[in-house]
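Let me begin by presenting the structure, written as structure tokens, before commenting on it.
The values are calculated or read from the model by the stated rules, or taken from the named source; none is laboratory data. Note that this is a predicted model, so its numbers are computed, not measured. Methodologically, a virtual Cβ is constructed for each residue, glycine included, from the backbone with ideal geometry; neighbour enumeration extends over all protein chains shown.
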Amino acid sequence: MGESLAALHLVRAEAMPARTPDEVAAAVAAIDAGAELPAPFDRVSRETVRSHLLTMPEVDRPSVPTHGTPVVSAAVLVDGVVEWDRSDSPGFDPAERDLAIAVRSVAEAFSAEASRTFIDGYVGAGGQLPSMVLIDWYGLVAAFR
């Protein structure tokens, strides 16, 4: 799965709209509307979570074509190769956006240890070693999906 996501991220494509601004706005709106904070973010104050969402870490890498919902259920095996369901609309964001969603899905579907294998496959297939700060931040954004 990691190799397949790396292949998607390495495709040269024209810039598309970024998903990040809309996803952050939706997460902040949910907090402002009183939505229950998802675990483990329910251990800190609502204002702390809101502030963290509004403070995106500095991105020192180019955006890539992103899948949208790279979860285990969107992966299909075709002739022994994992491919991603392309029904989601394409976007253009840092790779960590997709990686944060995929790592959580892999950990939930299999185990936390499988996430390491996923990242190893991603990097081994040419994907850039992800920024853990960005993975954490995008994980927070994705928790409100």
### Message
Going through Asp98, Asp93 one at a time, which residue ends up being over 12 Å from Val71 (Cβ atoms) and touching a residue at least 12 places away in the same chain (Cβ under 8 Å)?
### Response
Asp93
### Summary
Ala114 fails exactly one of (1) in contact (Cβ under 8 Å) with a residue 60 or more places away in the chain; (2) of a type in the set (A, V, I, L, M, F, W, C); (3) assigned to a helix (DSSP H, G or I), namely (1)
### Query
For Glu113, which of the numbered conditions (1) loosely packed, with under 14 Cβ neighbours inside 10 Å; (2) among the acidic types (Asp, Glu); (3) within 16 Å of the chain's Cα centre (by Cα) fails to hold?
(3)
### Summary
Restricting attention to the stretch 48-76, the residues that are assigned to a strand (DSSP E or B) and either crowded, with 16+ Cβ neighbours inside 10 Å or modelled with pLDDT under 85 (or both) number exactly 4
### Query
Are any residues in the stretch 15-30 among the β-branched types (Val, Ile, Thr) and in contact (Cβ under 8 Å) with a residue 40 or more places away in the chain, and if so, which ones?
Thr20, Val24
### Task
Could you figure out which of (1) within 27 Å of Ala29 (Cβ to Cβ); (2) of a type in the set (A, V, I, L, M); (3) assigned to a helix (DSSP H, G or I) isn't true of Val106?
(1)
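Looking only at the stretch 124-139, count how many residues are under 27 Å from Thr55 (Cβ atoms), part of a helix (DSSP H, G or I) and in contact (Cβ under 8 Å) with a residue 40 or more places away in the chain.
Applying the first criterion (under 27 Å from Thr55 (Cβ atoms)) to the stretch 124-139 yields 127-139.
Now narrow it down to the ones that are part of a helix (DSSP H, G or I): 132-139.
Next, only the ones that are in contact (Cβ under 8 Å) with a residue 40 or more places away in the chain stay: 133-134, 137-138.
Of the residues in the stretch 124-139, 4 are under 27 Å from Thr55 (Cβ atoms), part of a helix (DSSP H, G or I) and in contact (Cβ under 8 Å) with a residue 40 or more places away in the chain.
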### Summary
The correct count of residues that are loosely packed, with under 15 Cβ neighbours inside 10 Å, among the aliphatic types (A, V, I, L, M) and either modelled with pLDDT of 95 or more or in contact with a Phe, Trp or Tyr (Cβ under 6 Å, 6 or more places away or on another chain) (or both) in the stretch 27-43 is 2
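Determine which member of the set Gly80, Gly126, Gly91 is of a type in the set (Gly, Ala, Ser) and at negative phi.
Numbers: Gly80 fails: at negative phi; Gly126 fails: at negative phi.
Selected residue: Gly91, the only one of Gly80, Gly126, Gly91 that is of a type in the set (Gly, Ala, Ser) and at negative phi.
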### Message
Pairs needed: first member in the stretch 61-73, under 13 Å from Arg145 (Cβ atoms); second member anywhere, among the β-branched types (Val, Ile, Thr); C-beta distance under 9 Å; at least 6 residues apart or different chains.
### Response
Gly68/Ile101; Thr69/Ile101; Pro70/Ile101; Val71/Ile101; Val71/Val106
